[in-house]
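Asker: Encoded as structure tokens, here's the structure I'll be asking about.
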Amino acid sequence: MPDQPTSDSELRRQLMELIMSRAYKKNSKFKTPAKIVNTYFDFLEISLKHQGIELAGELIFREIKDLEIQAVGGPNHGIASILCRAAFLKKIGVFYIRDTIKKQGDLNDPRWIESRIRQDDRVAIVGDVVSSGSQIIRSVDEVRQLGGLTRKIIIIVDSQDGNGIVNIKRHLETNMLDIPIKVLFSRRDLLETIIPNYQ
């Protein structure tokens with residue numbers, strides 16, 4: 001694969017095929033924040049593969065390259081490799097929201113977020129697979145508590161299980177936050193547009 005795919009559409013096609021061939025799981029039981037589902041997307045199958053890091057990292061970079069931001073991050077470290085790729089291309093920092101509060105280190109500085117975000121720093125938040133949207137909502141709130149400003153939310157896959165995008169938009173509206181949300185792929189995109197045989 002060339003270092004820079006010739007077009008956004010070709011880049012998207014390659015990543016969609018990789019997601020469907022590696023990350024899409026059928027006839028399983030998987031617990032999301034919203035419910036138990038029998039089909040799901042395991043994004044570790046993408047973020048731990050060099051091709052996935054390159055493709056997804058490039059797509060995220062293209063979403064943030066024109067933003068004036070100091071960091072890009074998300075609700076867990078599972079896609080840290082992808083975030084680091086995008087951050088490297090943009091030459092900015094990375095952060096992630098911890099699942100549990102940090103128990104080691106400076107006792108005067110317990111934290112839920114690993115970052116160097118400072119007051120008024122601008123960031124983009126990236127989610128790999130969104131179901132209920134609760135992790136993205138939590139990320140927005142954690143960034144706000146640090147004094148940061150979220151300039152964009154990017155969802156790689158909207159699983160369309162759990163009303164996640166609606167929940168995120170409702171939370172932003174309730175808190176009077178004008179933050180654009182970009183969904184790269186919906187479940188419908190992945191199942192119908194590229195490889196219908198995976199349904």
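Asker: Would you point out which residue out of D178, D109, D120 is charged (D, E, K, R), surrounded by fewer than 19 Cβ atoms within 10 Å (Cβ to Cβ), part of a loop (DSSP other than H, G, I, E, B) and at pLDDT 95 or above? Spell out the reasoning first.
Answerer: Numbers: D109 fails: at pLDDT 95 or above; D120 fails: at pLDDT 95 or above.
None of the other options fit; the residue is D178.
Asker: Collect the residues in the stretch 157-195 that are β-branched (V, I, T) and within 19 Å of the chain's Cα centre (by Cα), keeping them in residue-number order. Break it down into steps so the answer makes sense when it comes.
Answerer: First, pick out the residues of the stretch 157-195 that are β-branched (V, I, T): 157, 165-166, 168, 174, 179, 181, 183, 193-195.
Once the filter is applied, which keeps residues that are β-branched (V, I, T) and within 19 Å of the chain's Cα centre (by Cα), the stretch 157-195 yields V157, I165, V166, I168, I179, I181, V183.
Asker: Among the residues in the stretch 130-149, are any part of a helix (DSSP H, G or I), over 12 Å from I97 (Cα atoms) and among the hydroxyl-bearing types (S, T, Y)?
Answerer: yes
Conditions tested, residue by residue: (1) modelled with pLDDT under 95; (2) over 16 Å from L184 (Cβ atoms).
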position: D3; (1), (2): yes, yes
position: F30; (1), (2): yes, yes
position: I53; (1), (2): no, no
position: I79; (1), (2): yes, no
position: K102; (1), (2): yes, yes
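Asker: Among the residues of the stretch 57-85, write down those that are among the aliphatic types (A, V, I, L, M), more than 10 Å from the chain's Cα centre (by Cα) and either buried (at least 18 other Cβ atoms within 10 Å of the Cβ) or part of a helix (DSSP H, G or I) (or both). Steps first, answer last, please.
Answerer: So in the stretch 57-85, the residues among the aliphatic types (A, V, I, L, M) come out as 59-60, 64, 67, 69, 71-72, 79-80, 82-83.
From what's left, more than 10 Å from the chain's Cα centre (by Cα): 59, 64, 67, 69, 71.
Result: L59, I64, I69, A71.
Asker: From (1) modelled with pLDDT of 95 or more; (2) surrounded by 14 or more Cβ atoms within 10 Å (Cβ to Cβ); (3) of a type outside the set (F, W, Y); (4) not in a helix (DSSP H, G or I), pick out the condition that doesn't hold for I168.
Answerer: (4)
The values are calculated or read from the model by the stated rules, or taken from the named source; none is laboratory data. If you're wondering where the values come from, they're calculated on a predicted model, not measured in any experiment. Every residue, glycine among them, receives a Cβ derived from its backbone with ideal geometry; neighbour counts consider all protein chains shown.
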